[in-house]
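Working notes, beginning with the structure itself.
The values are calculated or read from the model by the stated rules, or taken from the named source; none is laboratory data. Note that this is a predicted model, so its numbers are computed, not measured. Backbone-built Cβ (ideal geometry, glycine too); neighbour counts: all protein chains shown. With ligands, DNA and RNA removed, areas are computed over all heavy atoms of the protein, side chains included. Shrake-Rupley method; radii C 1.70, N 1.55, O 1.52, S 1.80 Å.
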Amino acid sequence: MNAELIAVGTEILLGDIVNTDAQLISQGLSELGINVFYQTVVGDNPDRLRHVIETARDRADIVITTGGLGPTLDDLTKETLAAAFGRKMALHQPSLDRIKDFFANIGREMTPNNEKQAWLPEGCTVFTNLWGTAPGCAFEAYGKHVLMLPGPPRECNPMWKECAMPYLYKLAGGCIVSRNIRVFGLGESAMEDRLHDMMERMTNPTIAPYAKVSECFARVTAKADTTEAAEKLLEPVVKEVCGLLGDDVYGVDVDSLEQVVGDGLRQRGMTLAVAESCTGGLLSKRITDVPGCSDYYLGGVCSYSNGVKMDLLDVKKQTLDAVGAVSPEVAEQMAEGVARALGADVGVGITGVAGPGGGTEEKPTGLVYISIWCRGRCHTRKMQSSLGRDRVRNQAASTALDMIRRNLFSSKTGERI
């Protein structure tokens, strides 16, 4: 089966907002084994919207729209889709009751135009919106499946996962299960090269490589009659992929490096403190994004100036005078200094030139030194990037987390440093 996505909203055409709904839905459809051949963005214009819908109706098995389900006059998605597929509109009383309750709970009067959101194509499957007021829906007509979702990502995201994907599972035939193998330290092309022969011979499960900011992942997808059968197909393939990618794999079906590092520290009863210069607190932010991080994270020092490095972290003035702030020696003293100052088992020190200015021939923009201290020993790494300030900072934070993972955790001994 193939699907077409239609995003409705003049604000998307004008570039006022980014269409993140399309990315989310396309990824979900890929997991379901449903092809996406076209994505269209159309403004809040009834004639152009009808033309886009009719075009999609003629070339796609599944038409999915986002946006245009609100109470205002320019919210025309439902009415236009119903007309294009020969469906009448009808009031869905449970949806209207829910909308009334919503306004009553927040202490605001419901204006009459909000009733418009409760009018849906006759006989449709209603997707209850627990995250807003506009319900979504789905129906079948002319041998095609039509799904409508609200546009705001805070509503579209959970409704896609909780309502639309289960609806589409039935159309996909059988059961589709995926495993995401997360990788850091290996580029997408290098990862694909290692997996190339395996990818060529696999038909079910299939393997697909993807790149993200500073990391990659391989998605392994199996299709079977039941979830249990699909998981049985996946198990040996995931094991083989992990074997080919080696230590660069930091987890399977995990959320992030910071989650993996946090889990590892918690399991070992270890604590962490960080000292950051060029990353400006980004590493601390990522660590504290993980719920429960207070189990292992003691705190951090954003030591941008040399004075702070010396006063709070015990970085030696003679070291700064001799080799400068951007050096492996200073990164090591920062890592040890913050660990001792906060009483942590593990300390991290990051110092570098994030750019765009400030670089020299000897110490160019993008040069970063990262050090991990534990039990009197340091492991230090030099990192070089030329992809802009944000990328340098993100890559440095990710590299620090990966260094903790590689140098403190081992499947054989549990610890390395």
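Among the lysines, which fall within straight-line cross-link reach of Lys309, defined as a Cα-Cα distance under 17 Å, with same-chain neighbours fewer than 8 residues apart omitted?
Lys317
So for the pair Thr206, Ile17, with labels modelled 7 Å out along Cα→Cβ, what separation do we get in nm?
3.1
Give the separation of the Cα centroids, segment 247-285 to segment 350-364, in Å.
25
Arrange the peptides 282-288, 306-312 so that the one whose residues have, on average, the most other Cβ atoms within 10 Å appears first. If you can, show how the numbers build up before the last one.
Values: 282-288: 20.9, 306-312: 16.1.
Going from most to least packed, we get 282-288, 306-312.
Highest mean first, what order results for 33-41, 56-64, 248-256 on Cβ atoms within 10 Å? Can you show the working numbers first?
Numbers: 33-41: 15.6, 56-64: 19.1, 248-256: 17.4.
Descending packing order for the listed peptides: 56-64, 248-256, 33-41.
Please say if segment 115-160 is rounded, prolate or oblate, where rounded means a/c under 1.5 for a ≥ b ≥ c the square roots of the C-alpha gyration tensor eigenvalues, and otherwise the choice is prolate for a/b larger than b/c and oblate otherwise? Can you show the working numbers first?
Working: a/c = 2.64, a/b = 1.51, b/c = 1.75.
Cα axes put segment 115-160 in the oblate bin.
Pick out the long, greasy-scoring helices in the chain: whole DSSP H runs spanning 27 Å or more along their own axis by Cα, mean Kyte-Doolittle at least -1.0. Please list the in-between numbers first.
Numbers: long enough: 389-408 (28 Å, -0.90).
The qualifying helices are 389-408.
Using the Cα centre of segment 256-381 as the reference point, and only Cβ charges (+1 on K/R, -1 on D/E), how large is the resulting charge dipole? Debye, rounded to the nearest 20.
Values: 12 positive and 14 negative charges, 38 e Å.
Roughly 180 debye for segment 256-381.
Note down the accessible area of Tyr167, probe 1.4 Å, to the nearest 10 Å².
Roll a 1.4 Å probe over it and Tyr167 shows about 40 Å².
Take the solvent-accessible surface of the protein heavy atoms, probe 1.4 Å, and return the percent of it on the chain that carbon and sulfur atoms account for.
Working: 9590 of 19570 Å².
The value for the chain is 49 percent carbon and sulfur by accessible area.
For Lys223, give me every one of the lysines with a C-alpha distance below 28 angstrom, ignoring sequence neighbours fewer than eight places off in its own chain.
The qualifying lysines are Lys144, Lys161, Lys170, Lys212, Lys232, Lys239.
Heads up, I need the accessible area for Met159: 1.4 angstrom probe, whole protein in place, Å², nearest 10.
Its accessible surface works out to 0 Å², give or take rounding.
Can you classify segment 194-257 as rounded, prolate or oblate using the Cα gyration tensor, where a ≥ b ≥ c are the square roots of its eigenvalues, rounded means a/c under 1.5, and otherwise it's prolate if a/b beats b/c and oblate if not?
Working: a/c = 1.88, a/b = 1.45, b/c = 1.30.
Prolate, since a/c reaches 1.5 and a/b exceeds b/c.
What order, most packed first, do the peptides 43-49, 196-202 have when packing is the mean number of other Cβ atoms within 10 Å of each residue? Write out the running numbers ahead of the final one.
On the way: 43-49: 15.1, 196-202: 12.1.
With the highest mean Cβ count within 10 Å placed first, the list reads 43-49, 196-202.
Cross-link partners among aspartates and glutamates for Lys88, C-alpha distance below 15 Å, same-chain residues fewer than 8 apart left out?
Glu79, Glu122, Glu140
Give the list, by residue number, of cysteines in the chain with no other Cys Cβ closer than 4.7 Å, or say none.
Cys156, Cys163, Cys175, Cys216, Cys242, Cys278, Cys293, Cys302, Cys374, Cys378, each lacking another Cys Cβ under 4.7 Å.
Add -39500 (n - 2.57) for each DSSP H run of 4 or more in the chain, then divide by its residues: what number comes out at 222 nm, to the nearest 500 deg cm²/dmol? Before the final figure, lay out the partial values.
On the way: 15 runs with 170 residues, N = 417.
The per-residue figure over the chain is -12500 deg cm²/dmol.
What size of dipole, in debye to the nearest 20, comes out for the chain about its Cα centre when the only charges are +1 on Lys and Arg C-beta atoms and -1 on Asp and Glu C-beta atoms? Let's see the in-between values first.
Working: 44 positive and 53 negative charges, 136 e Å.
Result for the chain is approximately 660 debye, rounded to the nearest 20.
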